[in-house]
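Remarks on the structure that follows.
The values are calculated or read from the model by the stated rules, or taken from the named source; none is laboratory data. Every value quoted in this text rests on a predicted model; they were computed, and no experiment measured them. Here the Cβ is made from the backbone with ideal geometry for all residues, glycine too, and neighbour counts use every protein chain on show. Side chains are part of the model used for accessible areas, which takes the heavy atoms of the whole protein and leaves out ligands, DNA and RNA. Shrake-Rupley method; radii C 1.70, N 1.55, O 1.52, S 1.80 Å.
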Amino acid sequence: MRIDKKLIVAWLIAFSFVASIALMSAAKPNDTANEVKEYYLANLDSLKYEVNEWQAALPQLSQEAVQHRFKRARRYYKRIEFIVTYHFPVTSQQLNAANLLEAGVSKPNEPKYPTGFQVIEEAVFDEENFDKNTIRDELHGIQFALNRLLAGADELFLDQSNILDALKLYIYRLITHGITGFDSPVCLNSLPEA
């Protein structure tokens, strides 16, 4: 009697799927939400610390050191971006919007200037126009946005459904912005960040 390899693979996949659902349902919903919130707060604190240290050391840093600091700070942001984008969309735009001038349809003469990590990225990785003043100003804006996130952390409601929804939307965002390079157009760090 010969066993078909496709049948074995199908059974293994089915078993893995059933086992993962059983494990997910065995975890208490509050435990998952609490763990995700602790993860969020720990990385938010690390991001705030990194940005504050970067801001304080900026006048003495070389361009290479500034690039290193940028990558470290942005890595912390990428760890919590799925929660920030889902629960705090306006703050998410202030932290990591595309470096494109925008205008609303109803107010075409009132442009919205880009802010956040993508503006800093262009200032940090441009060999000819390395500008610490732009970096300092954007870091100040990022600090303000991070303070708002910390202030709103107590009201942040997480449960399994909105965590999964946030992750699902973040996967779509990775596909449309991250993998295409739109999220990191200058230093081309989208894939390692994903």
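A quick yes/no check of all residues on (1) at pLDDT 85 or above; (2) open to solvent by 60 Å² or more (accessible area, probe 1.4 Å):
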residue: 99; (1), (2): no, no
residue: 116; (1), (2): no, no
residue: 123; (1), (2): no, no
residue: 139; (1), (2): yes, no
residue: 144; (1), (2): yes, yes
residue: 180; (1), (2): no, yes
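What's the total number of residues in the stretch 117-150 that are farther than 16 Å from residue 52 by Cβ and either charged (D, E, K, R) or without any contact (Cβ under 8 Å) to a residue 60 or more places away in the chain (or both)?
Total meeting the criteria: 12.
What pairs come up if the first residue lies in the stretch 152-167 and is modelled with pLDDT of 80 or more, the second is outside any helix (DSSP H, G or I) and surrounded by 13 or more Cβ atoms within 10 Å (Cβ to Cβ), and their beta carbons are under 9 Å apart, counting only those six or more places apart or on different chains?
Qualifying pairs under 9 Å: 152/88; 156/88.
Could you pull out the residue among 49, 40 that is surrounded by fewer than 16 Cβ atoms within 10 Å (Cβ to Cβ) and of a type in the set (Phe, Trp, Tyr)?
49
Give the residue, chosen from 112, 71, that is within 29 Å of residue 165 (Cα to Cα), open to solvent by 70 Å² or more (accessible area, probe 1.4 Å), of a type in the set (D, E, K, R) and without any contact (Cβ under 8 Å) to a residue 40 or more places away in the chain.
112
From 3, 8, which residue is β-branched (Val, Ile, Thr), more than 30 Å from residue 155 (Cβ to Cβ), modelled with pLDDT under 85 and part of a loop (DSSP other than H, G, I, E, B)?
After applying the criteria, what remains is 3.
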